[in-house]
Amino acid sequence: MDIMAGSDVVSRRLQDIFRLTPTLLIGSGFSCAYDLPHMGALGDHLITTLGSKLVTHEPKDLWTSALSDIRANLEKGLNAIPIGAAGRDEIIRLLREETASLIIQRTTEAEARILSSDNPETHAPARLLRRLYEGAPQNAPCISVITTNYDTLLELFCDLASLPLDTGFEGFRRRRVREHTLFQTHYTRSIATDRKRGSTYEHRPKPTVRLIKPHGSITWLTTEAGPIEVVNDQSTAARAIVVPGPSKYEDALINTLFDRVRGEMNVTLSQTQALVCIGFGFNDEHLQGIIRGRLDAGMPAVIITRDLTDAAQAIVNKHPHVLAFCRDGDGAVCYYDGNVCRFSAPIWQLDPFLRQFLE
């Protein structure tokens, strides 16, 4: 297939997918574009800082014994730390503390750069969110965004796009998790006039951006009463985040909030009509399992990333209906239906992607 014909096919497929109001799945590659650390950089930071903060010999010895594996692969190395080992809890506490500290610092810097730029509301993520929101069906309760990132860039871009955001918390300064239903459908009320019945009220769903964060957030603070959400908190208060390594799924299973968030994520992934993955490496086993089942059933999906991870490449190989965009020199390449289409523009980046296909 020639380049022009391939480009037309890709464009039509993308238009069809975005008409379905897809769920967004956002990974660390999205935030890396704003100079937040990827897993390798996070690993380097933890290796540099953690050892000097361990004060007793048991966690020090345990950390030292796992260090070579951690240098090779952060998550696999941390998973090698056995449950019940003396000093393990101290390592997990410091992992969470140092991870949160780094992400808070980098997020603050990134948001300052975004807000000081010309027309920050025109940044690509804000435009994408606005397009999905405005294109949602009339009675849709929400557009869904799932992210494994701890930072608050998506929250900022929702504000810049002037979109209502639902994180599952309610309140103002110290927001608490909703008791019964984590996410709510919001409604608008208008007056409808009928000759026979006179004036009546009509209630219609008012969509929100429903942000699902299965690994937690730097805005989620740990308290004795459970996690609360506090925006722009620069304190050293403990954060409710699921860190890589030995406590990852343990945290998710024993913490009520994470269990509820994961339940919402599962429902969203099982019901969505299409999926758009941005900067996501498919290295989360739980997420991968659900997505795999939907892809087996033919769910349309798009992957937009700088480089395909081995896991993402395996998905593209097994599910040729998935459109995958990644870097190819100074341009980009798209894999679809066993074909390859090359583009001179770097459309693996969100801004040129939107300009090429959706704007």
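The values are calculated or read from the model by the stated rules, or taken from the named source; none is laboratory data. Note that the coordinates shown come from a computational prediction; the quantities given were computed from them, not determined experimentally. We place every Cβ from the backbone using ideal geometry, glycine too, and count neighbours over all the protein chains shown.
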May I ask you to list the residues in the stretch 333-350 that are within 17 Å of Cys277 (Cβ to Cβ) and touching a residue at least 60 places away in the same chain (Cβ under 8 Å)?
-> Cys334, Tyr336, Gln349, Leu350
When Arg355 is evaluated against the numbered criteria (1) closer than 24 Å to Tyr34 by Cα; (2) assigned to a helix (DSSP H, G or I); (3) under 21 Å from the mean Cα position of the chain (by Cα), which criterion, by number, is the only one it fails?
-> (3)
Which one of these is modelled with pLDDT under 95, assigned to a helix (DSSP H, G or I) and surrounded by fewer than 21 Cβ atoms within 10 Å (Cβ to Cβ): Gln313, Gln288?
-> Gln288
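Quick grid of which residues meet (1) modelled with pLDDT of 95 or more; (2) assigned to a helix (DSSP H, G or I):
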residue: Leu94; (1), (2): no, yes
residue: Glu109; (1), (2): yes, yes
residue: Leu115; (1), (2): yes, yes
residue: Glu121; (1), (2): yes, yes
residue: Leu132; (1), (2): yes, yes
residue: Pro137; (1), (2): no, no
residue: Ile143; (1), (2): yes, no
residue: Leu154; (1), (2): yes, yes
Considering only the stretch 34-77, state which residues are surrounded by fewer than 19 Cβ atoms within 10 Å (Cβ to Cβ), small (Gly, Ala, Ser) and under 21 Å from Leu287 (Cβ atoms).
-> Gly40
How many residues are part of a loop (DSSP other than H, G, I, E, B) and either under 12 Å from Gly6 (Cα atoms) or of a type in the set (S, T, N, Q) (or both) when one looks only at the stretch 319-352?
-> 4
What are the residues in the stretch 239-270 that are among the aliphatic types (A, V, I, L, M), closer than 11 Å to Gly216 by Cβ and modelled with pLDDT of 85 or more, if any?
-> Ala240, Ile241, Val242, Val243, Leu257, Val261
Out of curiosity, is Glu97 under 26 Å from Leu42 (Cβ atoms) and acidic (Asp, Glu)?
-> yes
Answer yes or no: is there a residue in the stretch 295-310 that is closer than 30 Å to Val242 by Cβ, exposed (fewer than 14 other Cβ atoms within 10 Å of the Cβ), without any contact (Cβ under 8 Å) to a residue 40 or more places away in the chain and polar (S, T, N, Q).
-> no
Could you tell me which of the residues Ser162, Ser190 is among the polar types (S, T, N, Q), in a strand (DSSP E or B) and farther than 21 Å from Leu275 by Cβ?
-> Ser190
